[in-house]
Structure formats: structure tokens, C-alpha cells
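Following: one structure in C-alpha cells, then a few remarks.
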Amino acid sequence: VAEYLGNTPAIARSSYIDSRVFDRYRSGWTIAGALEKIGLEDEYGGPAFQGPIEEAVLDLLDNNRDSDAVEKSD
């Protein structure tokens, strides 16, 4: 995306992706719990819903470690 828009990766990170996403990832925190659930309620090939993923990202950004969607990797 950065190259397509004529920006450097550093500019893209600071402009398009909340820096807390990188901070949480570097600390081992992800939304793996939410990703594992995608499509479980739908038929095979059905579209995944954005709502639960967006909620998981917000929980990650808020550092909500009580969320089922937020997990610490080993």
C-alpha cells in the first residue's frame, strides 16, 4: 500500500495503522481468538462478518486482556 500511494513503509505505519497494533503484536498479543471463530456460524464459503473482528481489534487496542478474542502468544 505504501509504495502504491507513494509513501515509505514508515509513513504508512504512522498514517494508516494505529501504532498500538504494532506494539501489541511485538508484545505477543494478537486477535487470534477472534480469527479462529471466523466462519464457524456460517456455511462453508459464506462471508465472514467484520463486526467480531473489528471488536477484537478494538479490544486489542484498548489492551482488554479479558477479551476472548485477545490472546498472548508463547
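Residues in the stretch 16-33 that are of a type in the set (A, V, I, L, M), part of a loop (DSSP other than H, G, I, E, B) and either at pLDDT 90 or above or within 11 Å of A56 (Cα to Cα) (or both): I31 alone. Cβ-Cβ contacts under 8 Å between residues 6 or more apart (or on different chains), taken from a first residue in the stretch 51-69 that is more than 19 Å from I17 (Cα to Cα) to a second residue that is of a type in the set (D, E, K, R) and in a helix (DSSP H, G or I), are listed as S67/D59; A69/E55; A69/D59.
The values are calculated or read from the model by the stated rules, or taken from the named source; none is laboratory data. Model, not experiment: these values are computed from the prediction. In this analysis, Cβ positions are derived from the backbone assuming ideal geometry, glycine residues included, and neighbour counts consider all displayed protein chains.
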